[in-house]
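> Before I ask anything, let me first share the structure, which is written out below as structure tokens.
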Amino acid sequence: CAVVVKPLQFSIGARIPLITKAVVTTVCDDDLDGIKAVNLSQFIPQFTLDPNVTFTFHGTLADAQNDINALSVPVNVTGTQTYYIRFEKNGVCPEVGSVKITVKTPKKSDKLKDVIICPKATTTLDAGPGFEKYLWSTGATTQTIQGVPVGDYWVILQNEGCYVKQLVSVKKASDPVITSIEISNSTATVNVQAGNAP
């Protein structure tokens, strides 16, 4: 048979179009343990709105490109971490996007401490400066609240967009109690527990 030569033409197919290829975001550490569980699926609408596109999450760019070691969601994020999303659709070449997530830890007040006061007295609670917003359990939105009686209180502190709820107690000082009275000749000695001498 006579040799017949035919050309084979290869071309690189179009990739899935993405709204963006990279998302950078921050999340707040709600319980101050340095770890935040994040559902990566919430970021998909920032990449594509096409309902026919499927996606998987990966820990490295190489894993996403080779479609191996897919991660289950949510993921536990510490510090700053980058995750990769592989997008696929029939008839179109896959594309990879990235999500860079930084966990921010809210700042607590070092100044706000439990207080002990005398019965029927009141005190001032001070959450300290340096917060963007304050919200007390009393409804106040100031750094300090005055005329506070015995009880349990909380304040929500906002710092760099993150919130932390801090508890504080105002406790009644224990009443002095006479434990014994010793009489010797013309002298009486009263023994007392608690309270402030003399």
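The values are calculated or read from the model by the stated rules, or taken from the named source; none is laboratory data. Here the structure is a predicted model, which is why all the values come from computation and not from measurement. Heads up, the Cβs are rebuilt from the backbone with ideal geometry, glycines too, and the neighbour counts pull from every protein chain shown. In case anyone asks, the SASA skips ligands and DNA or RNA and just uses the protein heavy atoms, side chains included. Shrake-Rupley method; radii C 1.70, N 1.55, O 1.52, S 1.80 Å.
> Averaging sequence separations of C-alpha pairs under 8 Å and six or more residues apart, then dividing by the length of the chain, give the relative contact order as a whole percent.
Relative CO of the chain lands at 17 percent.
> Sticking with this one: Express in % the proportion of alpha carbon pairs of the stretch 1-71 at distances exceeding 17 Å.
For the stretch 1-71, the fraction of Cα-Cα distances above 17 Å is 66 percent.
> For the stretch 26-116, max minus min Cα coordinate along each principal axis, in Å, sorted largest first?
Principal-axis extents of the stretch 26-116 (Cα, largest first): 71, 25, 16 Å.
> A further question on this structure: Return, in residue-number order, each cysteine of the chain whose C-beta is not under 4.7 Å from any other cysteine's C-beta.
Lacking a cysteine Cβ partner under 4.7 Å: Cys1, Cys93, Cys118.
> Could you calculate, for the stretch 148-197, the ratio of the Cα radius of gyration to the Kirkwood radius, expressed as Rg to Rh?
Looking at the stretch 148-197, the ratio lands at 1.44.
> Do me a favour and compute the ellipsoid semi-axes for the stretch 108-164 from its Cα gyration tensor, root of five times each eigenvalue, largest one first, whole Å.
In descending order, the three semi-axes are 22, 11, 9 Å.
> In addition: Tell me what the chain gives for mean residue ellipticity at 222 nm when only DSSP H runs of n ≥ 4 count, each as -39,500 (n - 2.57), the sum divided by the residue total, rounded to 500 deg cm²/dmol. Could the numbers behind the result be given before it?
Working: 2 runs with 10 residues, N = 198.
Using -39500 (n - 2.57) per qualifying helix, the result is -1000 deg cm²/dmol.
> Just how much of Asp114 is accessible, in Å², when a 1.4 Å probe is used and the result is rounded to the nearest 10?
90 Å²
> Ignoring ligands, DNA and RNA, please state the percent of accessible area on the chain from carbon and sulfur, probe 1.4 Å.
53 percent
> Using DSSP, restrict attention to beta bridges with both residues in the stretch 95-198 and report what percent are antiparallel, rounded to the nearest 5.
Percentage antiparallel, nearest 5: 90.
> To the nearest 10 square angstrom, how much accessible area does Thr144 have with a 1.4 angstrom probe?
Its heavy atoms expose roughly 50 Å² to the probe.
> Next up: With every protein chain left in place, what is the accessible area per residue of the chain in square angstrom, probe 1.4 Å?
66 Å²
> Still on this structure, please answer the following. Give me the Kirkwood hydrodynamic radius of the stretch 87-198 in Å, from all C-alpha pairs, to one decimal place?
Across the stretch 87-198, the inverse of the average 1/r is 18.8 Å.
> Given bins 10 angstrom wide, list per bin the percent of all Cα-Cα distances in the chain, short to long.
7, 21, 16, 14, 13, 10, 7, 5, 3, 2, 1, 1, 0, 0, 0
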